[in-house]
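Student: My questions all concern the structure below.
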Amino acid sequence: MEKWILIFAVVVTSLDLGSGSINGYFNLDEINDLIDDYQLQYPSLQKEIVGKTFYDREIKALRMANPHKPRILVIGAHHARELISITNIFYLLDYIMTNKSLSLRTEREILFIPLLNVDGLSAISDEFNKTNKILEIRKNIRPTGCKIEDQGIDLNRNYGYKWGYNNHGSSTDPCGEEYRGTSAFSEKETQTIRDLIDIYMFDSVISYHSYGDLYIRPTGYTHTDLSEFPKSHQNLYNDLKKILPSTFKFGTVNEVLGYNANGALMDYLYSLGIFCIEVEIGPEKYNSFHPDISKVKGILDSHLEPFLLLVQRTDSELIADVSGNGRRLVIDVRNDGIATSSNCEIHVQFEQSLDVTVLSHQLHQIEKKILKVKIPPISSEEKEVITLLVRGDIEKFNVTVNFEGGSQHKGFSGEIEIHKLGSRNNLVWIIVISVISVMALFVLLLIYTFYKSKNDTKFIELAEIQVYA
């Protein structure tokens, strides 16, 4: 399996990190221009308008389109003031597009949303143009009767799973930082994410925030032990934790920040069975949602390897197991990856020529001693069962199962035992003899019942006659 892991000290990209108008960070107009520039420079990228805001501004995205490949959603800036999260999305995109050796450009479908909280950043951009100061706006500035810094709904408390679970993980105060809104999915931004998930059913979602260098897993509304997650999710969370720098923290919101959060995106994704992680970018020592621009490249580089691991592992992992059941050969194909597999084909090869019929799936092709069988997509931690009927006078044979393409998949090779029933003619004779034997036993039972009514002596004499006869 190819590994897209950062193994060099200097990361080369074409993005000018200090070129933004907000102390080096990008304002709203510059973000829109960057999206247009990337789409023009890389025709394989598709610019999309994925939604609108309360003030009718467009929520834009860039799609690295590869149909039938694992799907990943990458989001920046649920909270407007977290400017480094926006820069990070462009940095990740730029790294992928400028490093041509990365095969993930054709092996994954990734939707990048650099900026979700468009209205909030618009207010920050406007204020900076006037005063040269960054307004610390967290929410989406929808009118809630508060001053501009406190206006709006916290988008990351507005999702539909455990929304309003309690007032410790979100707020009913319209001017509070964690105001959750009047109802779940009341905001157009969260509706946009919900609808994208409904349409595309992403295999994984990465949501970037700032700050603290934290990797936060579900759930936020209460503690959910990692053992309660699907095994494939457990494995990825554990592997992610292993590669994080020692200064980074991994865990639930409560474990790394000491409080709970309800109505969060990650909990909504957890309820759907989608792998997700929320990443807080930037060391706590800088105490800023937008640290000095001179520090940004080093910060972003430190989060690149975890991103590549998450992208690499957002994949299917098909594993074949073979067993005998009577005259049937049963092939179990299970998906141990976090992504739904695409349509694929398995090749079943026998050591010798056999009379084999595929009972449960479409036989695509027979080529010499190889059966080629098409199997449909398999969801994470689900399986597909393929059944073959083997005829002939044979008890053991060697079989090999391989997958067409997909080096991450694991086939099977070994000896299988099945019941020996002989040829079809022998089987017919066995059935005939069995029927005759049953009828003979029935006749003997009738004779025994008849003579039992006679006296013992006569019965014994008759029985001896029958035996000698």
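Student: Could you tell me how far the Cα centroid of the stretch 238-316 sits from the Cα centroid of the stretch 123-154, in Å?
Tutor: 25
Student: Count charges around E384 for me, please; just the other residues with Cβ under 10 Å from its Cβ, Lys/Arg as +1, Asp/Glu as -1. Intermediate values should be presented prior to the final figure.
Tutor: Working: positive: R334, K383; negative: D332, E382.
The answer is 0.
Student: Multiply the residue separation of I431 and E404 by 0.36 nm, subtract the distance between their alpha-carbon atoms, and state the gained length in nm to one decimal. Write down the numbers at each step before the final one.
Tutor: Details: separation 27, 0.36 × 27 = 9.72 nm, distance 4.20 nm.
So the chain would gain 5.5 nm between I431 and E404.
Student: Another question about this same structure. Show me the ranking of peptides 221-230, 383-392 by mean Cβ neighbours inside 10 Å, starting with the highest. Intermediate values should be presented prior to the final figure.
Tutor: Values: 221-230: 13.8, 383-392: 16.9.
Averaged packing, sorted descending, gives the order 383-392, 221-230.
Student: Could you check the simple spin-label distance between D126 and N235, using points 7 Å along Cα→Cβ, in nm with one decimal?
Tutor: 5.1
Student: Rank the residues R108, R327 as a footprinting-exposure proxy: fewest other Cβ atoms within 10 Å of their Cβ go first.
Tutor: Values: R108 23, R327 15.
Taking fewest neighbouring Cβ atoms as first place, the list is R327, R108.
Student: Let me ask you something else. What's the tally of Lys pairs in the stretch 318-417 whose alpha-carbon atoms lie under 22 angstrom apart, where the two lysines are 8 or more places apart or on different chains?
Tutor: Close lysine pairs under the 22 Å cut-off: 9.
Student: Hand me the tally of lysine pairs in the stretch 228-363: alpha carbons under 18 angstrom apart, and the pair either on different chains or 8 or more positions apart.
Tutor: Numbers: K231/K241; K231/K242; K241/K249; K249/K285; K285/K295; K285/K297.
Total qualifying Lys-Lys pairs in the stretch 228-363 comes to 6.
Student: Separate question: Can you grab the distance from the C-alpha centre of the stretch 39-53 to the C-alpha centre of the stretch 324-363, Å, no decimals?
Tutor: Measuring centre to centre over Cα atoms gives 41 Å.
Student: Is the C-alpha gyration tensor of the stretch 28-313 telling us rounded, prolate or oblate? Criteria: a/c under 1.5 is rounded; beyond that, a/b larger than b/c is prolate, otherwise oblate.
Tutor: Numbers: a/c = 1.33, a/b = 1.08, b/c = 1.23.
It is rounded, given that a/c, with a ≥ b ≥ c, falls under 1.5.
Student: Which peptide among 315-325, 155-165 comes first, and what is the full order, when sorted by highest mean count of other Cβ atoms within 10 Å? Display every interim value, and only then the final one.
Tutor: Working: 315-325: 18.2, 155-165: 23.0.
Ranked from most to least packed, the peptides come out as 155-165, 315-325.
Student: Here's a follow-up. Between S294 and M201, what is the label-to-label distance in nm when each label sits 7 Å out along the Cα-to-Cβ direction?
Tutor: Computed distance between label sites S294 and M201 equals 5.1 nm.
Student: Ok, one more. Can you tell me which of 198-204, 135-141 comes out highest on packing, and rank the rest after it, using the mean Cβ neighbours within 10 Å?
Tutor: 135-141, 198-204
Student: I want to check the label-to-label distance for N167 and E30. Put each point 7 Å from Cα in the C-beta direction and report it in nm to one decimal.
Tutor: Distance between the two pseudo-spin positions: 4.1 nm.
Student: I'd like the isolated cysteines in the chain, meaning no second cysteine's beta-carbon lies under 4.7 angstrom from theirs.
Tutor: Singleton cysteines: C276, C344.
A short reminder: the numbers here are calculations on the coordinates, not readings from a lab. Note that the structure is a prediction, hence the values are computed from the model and not measured. Ideal geometry is used to build each Cβ from the backbone, glycine not excepted, and the neighbour counts take in all protein chains shown.
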